[in-house]
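The values are calculated or read from the model by the stated rules, or taken from the named source; none is laboratory data. Quick caveat, the model's predicted, so the values are computed rather than measured. With ideal geometry, Cβ positions are generated from the backbone for all residues, glycine too; neighbour counts draw on all protein chains shown. Please note that ligands, DNA and RNA were not included when accessible areas were found on the heavy atoms of the full protein model with its side chains. Shrake-Rupley method; radii C 1.70, N 1.55, O 1.52, S 1.80 Å.
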Amino acid sequence: DAGITQSPRHKVTETGTPVTLRCHQTENHRYMYWYRQDPGHGLRLIHYSYGVKDTDKGEVSDGYSVSRSKTEDFLLTLESATSSQTSVYFCAINSGRQETQYFGPGTRLLVL
Amino acid sequence: AQSVTQPDIHITVSEGASLELRCNYSYGATPYLFWYVQSPGQGLQLLLKYFSGDTLVQGIKGFEAEFKRSQSSFNLRKPSVHWSDAAEYFCAVAENTGFQKLVFGTGTRLLVSP
């Protein structure tokens, strides 16, 4: 347990609605990441952050935005949810390039 | 761009038998290499990692992996599998510069038979 929580853990929403997922850490790690996991694709990086207000895009960033106003919170927003965004979303944290990346418990999102 | 291939989607091993899970990567330089395990409905747990140095890396739960530069491989091994090892295993790679942005393989699901 690396002090990472994700909320909500499960969510069902409708196409076209905005959705925000929260990742919270208690250990002051500098780097935070959002991944999505889909069958046959493994995990793919959506966005990452290297400090407060410092974020950048990952491999599959279209349709997603992020914000990090405090060290401990990294928010992922689906601006207008689509069925293709049905997935399991994992947050991860680490403190440096050669430090272990720890994963949160995941959020299961279903977009109807 | 980096990529990771795990050629085996499913593997079944008898309890007590040895295990080898294959991982091949594509990257121009020596990457950072990782193996993670995921139990059903759970998050990912790091088994082991390679950054540099000794190419045989020891991890948790009795796992080890060997980096072979000539084969662009980082295969995971365990000499004797336990029923509790049944899970999905992911190989991942990251550039050895900049941020630790992981690129994952598609995973190998391990089934353990009695």
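Which residue is surrounded by the most Cβ atoms within 10 Å (Cβ to Cβ), if the candidates are limited to the range B:59-90 and must be touching a Lys or Arg at 6+ places or on another chain (Cβ under 6 Å) and more than 14 Å from chain A (Cβ to nearest Cβ)?
Restricting attention to the range B:59-90, the residues satisfying the condition of being touching a Lys or Arg at 6+ places or on another chain (Cβ under 6 Å) are B:62-64, B:75, B:88.
Filter once more, keeping what is more than 14 Å from chain A (Cβ to nearest Cβ): B:62-64, B:75.
On the way: B:G62: 15, B:F63: 20, B:E64: 16, B:N75: 17.
It comes out as B:F63.
Is there any pair linking a residue in the range A:70-87 that is within 10 Å of A:T20 (Cα to Cα) to one that is assigned to a helix (DSSP H, G or I), with Cβ under 8 Å and at least six apart or on different chains, and which?
Every condition considered, the pairs that remain are A:L78/A:Q85.
I want to confirm something. Restricting to the range B:91-114 and keeping residues that are at the interface with chain A (Cβ under 7 Å from one of its Cβ atoms) and under 20 Å from A:H47 (Cβ atoms), which single residue is nearest to the chain's Cα centre (by Cα)?
As a first pass, look at the range B:91-114 and keep what is at the interface with chain A (Cβ under 7 Å from one of its Cβ atoms): B:99-102, B:104-107.
Then drop every residue that is not under 20 Å from A:H47 (Cβ atoms), which leaves B:99-102, B:104.
Values: B:F99: 20, B:Q100: 17, B:K101: 16, B:L102: 13, B:F104: 10 Å.
Among residues in the range B:91-114 that are at the interface with chain A (Cβ under 7 Å from one of its Cβ atoms) and under 20 Å from A:H47 (Cβ atoms), the one nearest to the chain's Cα centre (by Cα) is B:F104.
What about B:R109, is it of a type in the set (K, R), farther than 17 Å from B:H10 by Cβ and part of a strand (DSSP E or B)?
Details: of a type in the set (K, R): yes; farther than 17 Å from B:H10 by Cβ: no; part of a strand (DSSP E or B): yes.
Taking the combined requirement at face value, the residue does not satisfy it.
Search the range B:1-16 for residues being over 11 Å from B:A92 (Cα atoms) and within 11 Å of chain A (Cβ to nearest Cβ), and hand back the single one that is least open to solvent (accessible area, probe 1.4 Å).
So in the range B:1-16, the residues over 11 Å from B:A92 (Cα atoms) come out as B:1, B:7-16.
Cutting the leftovers down to within 11 Å of chain A (Cβ to nearest Cβ) gives us B:1, B:9.
Numbers: B:A1: 139, B:I9: 113 Å².
Only one residue fits best here, namely B:I9.
Please pick out the residue among A:F74, A:F103 that is facing another protein chain (nearest Cβ under 8 Å) and among the hydrophobic types (A, V, I, L, M, F, W, C).
Every option except A:F103 fails the conditions.
Need the failing condition index for A:L45 against (1) hydrophobic (A, V, I, L, M, F, W, C); (2) surrounded by 13 or more Cβ atoms within 10 Å (Cβ to Cβ); (3) away from every other protein chain (no Cβ under 14 Å), just the number.
Result: A:L45 passes all but (3).
Looking at B:R109 and the list (1) of a type in the set (K, R); (2) modelled with pLDDT under 95; (3) open to solvent by 70 Å² or more (accessible area, probe 1.4 Å), which single condition is not satisfied?
Of everything listed in (1) of a type in the set (K, R); (2) modelled with pLDDT under 95; (3) open to solvent by 70 Å² or more (accessible area, probe 1.4 Å), B:R109 misses just condition (2).
Sort out which residues of the range B:37-59 are modelled with pLDDT of 95 or more and farther than 21 Å from A:G42 by Cβ, and write them in order of number.
The answer is B:L56, B:Q58.
Taking the range A:48-57 on its own, how many of its residues are within 9 Å of another protein chain (Cβ to nearest Cβ), open to solvent by 20 Å² or more (accessible area, probe 1.4 Å) and in contact (Cβ under 8 Å) with a residue 12 or more places away in the chain? Don't jump to the end; show me each part of the working.
At the first step, the residues of the range A:48-57 found to be within 9 Å of another protein chain (Cβ to nearest Cβ) are A:48, A:50, A:56.
Applying the additional criterion that residues be open to solvent by 20 Å² or more (accessible area, probe 1.4 Å) yields A:50, A:56.
Adding the requirement that they be in contact (Cβ under 8 Å) with a residue 12 or more places away in the chain leaves A:50.
Of the residues in that region, 1 qualify.
Of the conditions (1) more than 15 Å from B:V93 (Cα to Cα); (2) open to solvent by 50 Å² or more (accessible area, probe 1.4 Å), B:L19 satisfies every one except a single condition; which number is it?
Failing condition for B:L19: (2).
Identify the single condition in (1) on the phi < 0 side of the Ramachandran plot; (2) more than 10 Å from chain B (Cβ to nearest Cβ); (3) touching a strand residue (DSSP E or B) at 6+ places or on another chain (Cβ under 8 Å) that A:G63 does not satisfy, given that it satisfies every other one.
(1)
Counting only residues that are under 18 Å from B:G107 (Cα atoms), give me the strands (runs of 3 or more DSSP E) lying completely in the range A:35-112 with at least 1 of them. First the steps, then the outcome.
On the way: elements: A:42-51, A:54-57, A:64-70, A:73-78, A:87-94, A:107-111.
In the range A:35-112, A:42-51, A:87-94 are the strands (runs of 3 or more DSSP E) which contain 1 or more residues that are under 18 Å from B:G107 (Cα atoms).
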